[in-house]
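Colleague: Take this structure, written in structure tokens, and hold onto it; I'll ask about it next.
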Amino acid sequence: MWTDGRLCYGGDYNPEQWPAQVWTEDIALMRQAKVNLVTVGVFAWSRLEPAPGRYTFGWLDEVLDLLHGAGIRVALATPTASPPPWFSLAHPGALPVTADGVRLHHGSRDTYCAATPAYRQAARRIAAALADRYAEHPALALWHVHNEYGTICHCEQTAREFRRWLRTRHGDLTGLNDAWVTSFWGQHYSDWAQISTPRATQYLPNPGHLLDFRRFWSDTLLAAYTDQRDLLRAANPAVPVTTNYVLGDWVPVDHARWAAEVDLVAIDHYPSAADGGAEEQTALAADLARGWARHASARRPPAVPAATASTPAWLLMESAPSQIHTAGRMHSKEPGRMLRHSLAHVARGSHGAMFFQWRAPVGGAERFHTALVPHAGPDSRVFRETVELGAALERLAEVRGGVEASVALTVDAASGWALRHPGLPSTRLDHHLELAAAHRAFWRAGYGCATVTPGDPLDGYRLLVVPALYLVDDATTDWLREYLHGGGHLLVTYLSGTADEHARVRLGGYPGALRDLLGVRVEEFHPLADDEHVRLRDGGTARIWSETLRVAGAQVVSSYAGGVLDAMPAVTRHRSGAGTAWYVSTRPDDATYRRLADTTARAAGVVPVCPAAPDGVEAVRRRHADVSWLFLFNHSDRQQRVPARGMELLSATPVEAAVTLPPGGVAVLREKAD
Ligand code: GAL
């Protein structure tokens, strides 16, 4: 029901910022651009409920009817990410408190504490009022709950909820003291009342405390979401419910865990790089979304199309038509990049491309944020590209099915949080950056990648990459062992398996949980300085980290060259069961990593998606039954030729031998079987 056979196209639409005459122009322009889905009302709480319990729905009725009349469907948002000023005045205790104990004030958005009953009640009330009025509206395609759950709070109410959560997790204080190793620095707790949230403190905080707070807070935000979801579902079970994930490792949410609670995984994606980094970030974000989508709610209404039986579709809910935020400035996307980024998401299973935002506002905090209708109006390059993208998406409506990928990369929210703790051997450790470096190596070498979280089914993946999976519990060790002994190929990088699920170091030599699987034993870490690198005997270079590594059954693949580790093993390979486990004790530089990707992929029998694609051309294949579609993206600044056969859908041209892609060009071929 939320899709009508077309790929979704549109974005955040904020009619409340404009007089009604503009709405008529909006609708005409949306039709011109073939927009078919808009998110309405995301931040409109103060316009919908100007005083407690008093609703002004007239304008929204009119907007939804106008959209429906034009055949444009609506992702109706609950506006709970921006409480009205009256709410904050009436409930000062519901304003969020920072780790320093500072209570924040109204004046931006997200000024609430998700643990406070006053906020939760007010959020449920406005969501229920919207459900009551619009659950059966014919324009309603999707409920879009809130916006980017990503806040944090340290108020007294949060502390009380935290203590309740800790009792459930640890049972008693003995369990908690043991998990947090409170024997260190005499932090032993003898009464639950002694535990607060990890507020700013004198020196290094306790890692177990920090980690549990992150887990608790992710669960608290999730409960704020499910509060609303349940009442929206009850109002009309046929309408799927989602919330948009914000990416970034600062976000206090375990997206994989959340995915089981949404009917459709939806992500917002804003690359932080303007160069080729944007392309690889796009590929990774889309692979992550697809990985999370595999967890999406089992009750998914049949209306949510399954890309394959095991991989439901997901949706790029927000992206930037033009400006990318890079350090200190906004960088305008070059012509063609909006189309290329959007189709790179569709190639990896997004059921369309949505944007922030439809029309650029005249004022407000984000007055210079990019829009499909920019300040210059429709007579602009960006709007012309908007129209072009709408036409392109229509031509791709037939594309469906799973995404070809033989390499899986492991992502784990808790390892990401734990590697941000102070007191680690280096401040340069970052699970997400290690994941990105590994993904970049395989992506550049042309292999189809997927992401998984520990415990996910691994059928179909010939190579599993485990980058800096710092926290490994016993179940994860078993998961890896089973994969390996079943004939899988594992590529594990440094720090993986060093600590358990409470961030306690596993003893007897690193990486405690994985020593036997890898056939190695690490005695000592040697973190590198920012400007330092190590050389490897096979000619490679690496940075960030190095180790005193001893083989205990494994073979040495490459050794350190020079320095204190001269001739000691750096990369190893170990036969274990029917499988092979590789271990990398440092962070290879890009060229070295790419060679390693090729070596391990070849050993695992993995081939690139389109072996004939030249460097700089990305290839992604989707497949449904016996039909396949090959997406080709030329990220380089020169014309490229790719041998291929089929029907090129964007230009509706048959291709007999090869596609020629201009710089920045994209082609999508319905492939001809040989
Ligand atoms: C998103 C957010 C939008 C808007 C946008 C600006 O993360 O959901 O509301 O703030 O960023 O680029």
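The values are calculated or read from the model by the stated rules, or taken from the named source; none is laboratory data. Being a predicted model, the structure only gives us computed values, none of them experimental. When we count neighbours, we look across all protein chains shown, and the Cβ atoms used for this are built from the backbone with ideal geometry, even at glycine. Each accessible area value is taken on the protein alone, full model and side chains, heavy atoms only, with ligands, DNA and RNA left out. Shrake-Rupley method; radii C 1.70, N 1.55, O 1.52, S 1.80 Å.
Colleague: If you place +1 on the Cβ of every Lys and Arg, -1 on the Cβ of every Asp and Glu, and leave all else neutral, what size is the dipole of the chain about its Cα centre, to the nearest 20 Debye?
Modeller: That gives the chain a dipole magnitude of about 380 debye.
Colleague: Let me ask you something else. How large is the accessible surface of Tyr470 in square angstrom, using a 1.4 angstrom probe and rounding to the nearest 10?
Modeller: Surface accessible to solvent at Tyr470 totals approximately 20 Å².
Colleague: Please list, ordered by chain and number, the residues whose modelled amide H lies under 5 Å from the amide H of Cys155; skip anything fewer than 5 residues away on the same chain.
Modeller: Here the answer is Val97, since their amide H atoms fall under 5 Å of that of Cys155.
Colleague: Cβ neighbours within 10 Å, averaged per peptide: list 585-591, 204-210 in order, most packed at the top.
Modeller: The densest-packed peptide leads the list: 585-591, 204-210.
Colleague: Find how many whole Å separate the alpha carbon centroid of the stretch 176-223 from the alpha carbon centroid of the stretch 65-81.
Modeller: Here the two parts' Cα centres lie 43 Å apart.
Colleague: When the accessible area of the chain is split by element with a 1.4 Å probe, what percent falls to carbon and sulfur?
Modeller: 51 percent
Colleague: Right, something else. Show the residues, 5+ positions off or on another chain, whose built amide H is closer than 5 Å to the amide H of Asp110.
Modeller: Residues meeting the criterion, in which the H sits 1.01 Å from N, are Ser82.
Colleague: So if I take the centroid of the Cα atoms in the stretch 504-528 and the same for the stretch 470-488, what is the distance between those two points in Å?
Modeller: Between the Cα centre of the stretch 504-528 and that of the stretch 470-488, the gap is 16 Å.
Colleague: Next question. Add +1 for every Lys or Arg and -1 for every Asp or Glu among the other residues with Cβ under 13 Å from the Cβ of Arg290, and state the total.
Modeller: Charge balance in the 13 Å sphere: 0.
Colleague: Return the FRET efficiency for the residue pair Ala397, Glu482: r is the Cβ-Cβ distance, R0 is 51 Å, and the value is rounded to the nearest 0.05.
Modeller: Result of the calculation: an efficiency of 0.80.
Colleague: Using a 1.4 Å probe, what is the accessible area per residue for the chain, in Å²?
Modeller: 38 Å²
Colleague: Further question: Rounded to whole Å, give me the distance from the Cα center of the stretch 356-427 to that of the stretch 565-602.
Modeller: 33 Å
Colleague: Each residue of the stretch 30-45 in order: what ³J(HN,Hα) in whole Hz does its phi give by Karplus 6.51 cos²θ - 1.76 cosθ + 1.60, θ = phi - 60°, with x for Gly and Pro?
Modeller: With coefficients 6.51, -1.76 and 1.60, one gets 4, 5, 4, 8, 6, 5, 10, 8, 10, 8, 10, x, 3, 10, 9, 4 Hz.
Colleague: Report the Cys residues of the chain lacking a disulfide-compatible partner, meaning no second Cys Cβ under 4.7 Å from their Cβ.
Modeller: So, Cys8, Cys155, Cys449, Cys610.
Colleague: Do the sum for the chain: with -39,500 (n - 2.57) for every DSSP H run of n ≥ 4, divided by all residues, what is the mean residue ellipticity at 222 nm, to the nearest 500 deg cm²/dmol?
Modeller: Taken over the chain, the calculation gives -9500 deg cm²/dmol.
Colleague: Relative contact order for the stretch 32-103: what percent, with Cα pairs under 8 Å and sequence separation of 6 or more?
Modeller: 41 percent
Colleague: Ignoring everything but the protein chains, give the 1.4 Å probe accessible area of Ser332 in square angstrom, nearest 10.
Modeller: Accessible surface of Ser332 is approximately 60 Å².
Colleague: What ³J(HN,Hα) values, in whole Hz, does the Karplus curve 6.51 cos²θ - 1.76 cosθ + 1.60 give for the stretch 593-598 when θ = phi - 60°, with x put for Gly and Pro?
Modeller: Running phi through 6.51 cos²θ - 1.76 cosθ + 1.60 with θ = phi - 60° gives 5, 5, 5, 5, 4, 5 Hz.
Colleague: Further, regarding this structure: Starting from the Cα-Cα distance between His325 and Leu204, subtract it from 0.36 nm times their residue separation and give me the gain in nm to one decimal.
Modeller: 40.3 nm
Colleague: Same structure again: Defining a contact as two alpha carbons under 8 Å apart and six or more residues distant in sequence, what relative contact order in percent does the chain show?
Modeller: Averaging sequence separation for qualifying contacts and normalising by length gives 10 percent for the chain.
Colleague: With labels modelled as points extended 7 Å from the Cα through the Cβ direction, what inter-label distance (nm, one decimal) is found for Ser196 paired with Asp590?
Modeller: According to this spin-label approximation, the distance is 4.6 nm.
Colleague: Over the stretch 422-555, what is the percentage of antiparallel beta bridges among all DSSP beta bridges, to the nearest 5?
Modeller: Roughly 65 percent of the DSSP beta bridges within the stretch 422-555 come out antiparallel.
Colleague: Please find the FRET efficiency linking Ala658 to Asp230, where r is the Cβ-Cβ separation and R0 is fixed at 51 Å, and quote it to the nearest 0.05.
Modeller: 0.45
Colleague: If you don't mind, there's one more thing I want to ask. If we count every other residue with Cβ under 13 angstrom of Asp26's Cβ, Lys/Arg +1 and Asp/Glu -1, where does the sum land?
Modeller: Net charge in that neighbourhood comes out at -2.
Colleague: What does the charge count around Lys333 come to, taking other residues whose C-beta lies under 11 Å from its C-beta (Lys +1, Arg +1, Asp -1, Glu -1)?
Modeller: Net charge around Lys333: +1.
Colleague: With all protein chains present and a 1.4 Å probe, how do Lys672, Lys333, Lys34 order by accessible area, largest first?
Modeller: Lys672, Lys34, Lys333
Colleague: Explain nothing, just compute: Karplus ³J(HN,Hα) = 6.51 cos²θ - 1.76 cosθ + 1.60, θ = phi - 60°, for every residue of the stretch 641-647 in order, whole Hz, x for Gly and Pro.
Modeller: 3J(HN,Hα) across the stretch 641-647, in whole Hz: 10, 10, x, 6, 9, x, 10.
Colleague: Using a 1.4 Å probe, how large is the accessible area of Arg6, given in Å² and rounded to the nearest 10?
Modeller: That residue has around 80 Å² of solvent-accessible surface.
Colleague: How big is the antiparallel share of DSSP beta bridges in the chain, given as a percent to the nearest 5?
Modeller: Antiparallel bridges make up about 55 percent of those DSSP assigns within the chain.
Colleague: Using modelled backbone amide H atoms (1.01 Å from N, in-plane), which distant-in-sequence or interchain residues come within less than 5 Å of Val265's amide H?
Modeller: Leu315
Colleague: May I ask what percent, to the nearest 5, of DSSP beta bridges between residues of the stretch 3-78 are antiparallel?
Modeller: 10 percent
Colleague: Tell me, what is the percent relative contact order of the stretch 345-443, built from C-alpha pairs under 8 Å that lie six or more residues apart?
Modeller: Normalised by residue count, the contact order of the stretch 345-443 is 17 percent.
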